[in-house]
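Encoded as structure tokens, the structure appears first; notes follow it.
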Amino acid sequence: MATLNQDTKSDGAHATDWLGVNVVLLDGEDPEAPHKRVSHPPKSNTAAVANDTRPSGPIVRRKGSAQQEHYGWLRQLDLRSDVPDMDEILSWDFDVLLFEENVLIEVFLKLLDYYKLIEKFGMDRDMLEKYCLLVMNRHHKDCFYHTVEFGGGEEKEERIDADYQTLCEYHNWYHAISCAHMSFLFLSLGEADQYLSSEEIFAIIMGALIHDMDHPGTNNDFEVKRNSTLAKQYDNDAVLERQSITAGLEICKEQPDLDWLKFFQNEEIRDLVETYLKECILATDPARHACVIQDALSIIENGLKFQTDKNEPTYLDKNDPFHRTLVGRIIVHCADISNPLHSSFEVARDWAVRVTTEFSKQASREKELNLPVTTFMDGIDSEYKIAKLQIGFFGFMVKPLFHTAGLLFPKSSHLEDWGEDNCDGYREVIKKYEEEQNITSSS
């Protein structure tokens, strides 16, 4: 499934191409082969399922159809309406998919509360809550959920528009909060916060929240191929990322009552926060993936020249603006593609179905519009093919990125092994399918 074209080399790593994306691989590594694990704390084997009573009607998983099958990998959940405490949030095991979408606004504010950022910058909490609500509504709805309302003794299903522009399986509010939360964990549990100012920490968490605002459920290449208005506006460069930046900051400019930038004490600091936030979001563009890793490796190759606050050797100089910006870029990029490394295989599979369903819908749209079809997105019609794609995605993109991040932030290095464990789960899926179909494995 991999398309490899080796082009450049650097010490211990080389750049190559995988499915049209520039990636960086460690020398001597087979991206799709199992790897030996390093000893790390054990991860969860199951995902918790809550059964809360809610003031509104029950919210359940939308059922799969012949056109949109989820192979039983989507967990059947009763969504929680309670706000989790910080002990639950401050964990690699936290699962945003367990909660009603409005609850996640409070989860986001708790991320800021942990660093006392609202208090430090004198921000209005109600203003931030309203800003988050507006951001939530600028994300397309999660098509795997729908509300069942009760009235007159009859069960009535709320109508959901199935148009691809109004529903997103993956790039929705849940993904936004997932990205913000994982960024927060890199800062806190990963101890990346020691290199950053409070302003930069705020920019990372807020940037992660808005990094996919207005996302249509298709990728940059789709916008470019159809010569869309957005592609023209942003000169075919990081089209969706630049639109998200524009959307998030326009709220501040056009609605003064929701302008969180004004709480930073002077124009110089406001410009710093805005610029840092933009760099974090642009780093989530897949076209910049190799650049993020190569910039990190250039720092690592210089050796452990610095000391952390705990007098431990580190590659990062907190007094170097390039190093501090790289911290934000790699954190938000990692957070954006972190779902394959969740501590629960059930959660990882849930996200995998979401993103691959979105891929399949893009391929269908490309056919409808007579555009060149994105090959790897077409024909993902079985758990076998999803498993194959996930192993390749992890090996070629996720693993090299998280291995590099683990060198910079050792407290996060276990995530790479958790991703390997999840790939073992996919290998079992592949093995079972091939045995049932009497297929000789090519992997």
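Points worth noting:
Table: residues versus (1) under 16 Å from Ala352 (Cβ atoms); (2) more than 18 Å from the chain's Cα centre (by Cα); (3) crowded, with 16+ Cβ neighbours inside 10 Å.
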{"residue": "Ile391", "(1), (2), (3)": "yes, no, yes"}
{"residue": "Lys399", "(1), (2), (3)": "yes, no, yes"}
{"residue": "Thr404", "(1), (2), (3)": "no, no, yes"}
{"residue": "Leu408", "(1), (2), (3)": "no, yes, yes"}
{"residue": "Trp418", "(1), (2), (3)": "yes, no, yes"}
{"residue": "Tyr433", "(1), (2), (3)": "yes, yes, yes"}
{"residue": "Glu436", "(1), (2), (3)": "no, yes, no"}
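- Some residue of the stretch 220-239 being out of contact with any Phe, Trp or Tyr (no Cβ under 9 Å at 6 or more places or on another chain) and within 20 Å of Leu111 (Cβ to Cβ): no
- Residue tally, condition over 22 Å from His289 (Cβ atoms), out of contact with any Asp or Glu (no Cβ under 9 Å at 6 or more places or on another chain) and not in a helix (DSSP H, G or I), over the stretch 197-234: 3
- Val327 vs. criteria in a helix (DSSP H, G or I), touching a His at 6+ places or on another chain (Cβ under 8 Å) and either of a type outside the set (Asp, Glu) or open to solvent by less than 20 Å² (accessible area, probe 1.4 Å) (or both): no
- Residue check, Ala231 surrounded by 18 or more Cβ atoms within 10 Å (Cβ to Cβ), farther than 25 Å from Ser197 by Cβ and either of a type in the set (Asp, Glu) or at pLDDT 95 or above (or both): yes
- Condition check for Leu185: assigned to a loop (DSSP other than H, G, I, E, B) and either modelled with pLDDT of 95 or more or open to solvent by less than 10 Å² (accessible area, probe 1.4 Å) (or both): no
- Within the stretch 421-430, tally of residues that are surrounded by fewer than 24 Cβ atoms within 10 Å (Cβ to Cβ) and touching a Phe, Trp or Tyr at 6+ places or on another chain (Cβ under 8 Å): 4
- Restricting attention to the stretch 379-389 and to residues that are surrounded by 21 or more Cβ atoms within 10 Å (Cβ to Cβ) and of a type in the set (D, E, K, R), the residue that is modelled with the lowest pLDDT turns out to be Glu383.
- Unmet criterion (only one of (1) open to solvent by 50 Å² or more (accessible area, probe 1.4 Å); (2) at pLDDT 95 or above; (3) not in a loop (DSSP other than H, G, I, E, B)) for Lys156: (2)
- Just one of (1) open to solvent by 60 Å² or more (accessible area, probe 1.4 Å); (2) at pLDDT below 95; (3) of a type outside the set (S, T, N, Q); (4) within 19 Å of Cys168 (Cα to Cα) fails for Glu368. It is (2).
- Tallying residues that are surrounded by fewer than 22 Cβ atoms within 10 Å (Cβ to Cβ), in contact (Cβ under 8 Å) with a residue 24 or more places away in the chain and touching a Ser or Thr at 6+ places or on another chain (Cβ under 6 Å) within the stretch 275-313 yields 2.
- Test: residue in the stretch 243-253 that is under 19 Å from the mean Cα position of the chain (by Cα), among the hydrophobic types (A, V, I, L, M, F, W, C) and open to solvent by 10 Å² or more (accessible area, probe 1.4 Å): yes
- Each residue in the stretch 354-373 was checked for being in contact with a helix residue (DSSP H, G or I) (Cβ under 6 Å, 6 or more places away or on another chain) and within 11 Å of Thr218 (Cα to Cα), and 3 of them qualify.
The values are calculated or read from the model by the stated rules, or taken from the named source; none is laboratory data. Here the structure is a predicted model, which means the values were calculated and not measured. Using ideal geometry, Cβ is built from the backbone for each residue, glycine included, and neighbour counts are taken over all protein chains shown. Heavy atoms of the whole protein, side chains included, go into the accessibility calculation; ligands, DNA and RNA do not. Shrake-Rupley method; radii C 1.70, N 1.55, O 1.52, S 1.80 Å.
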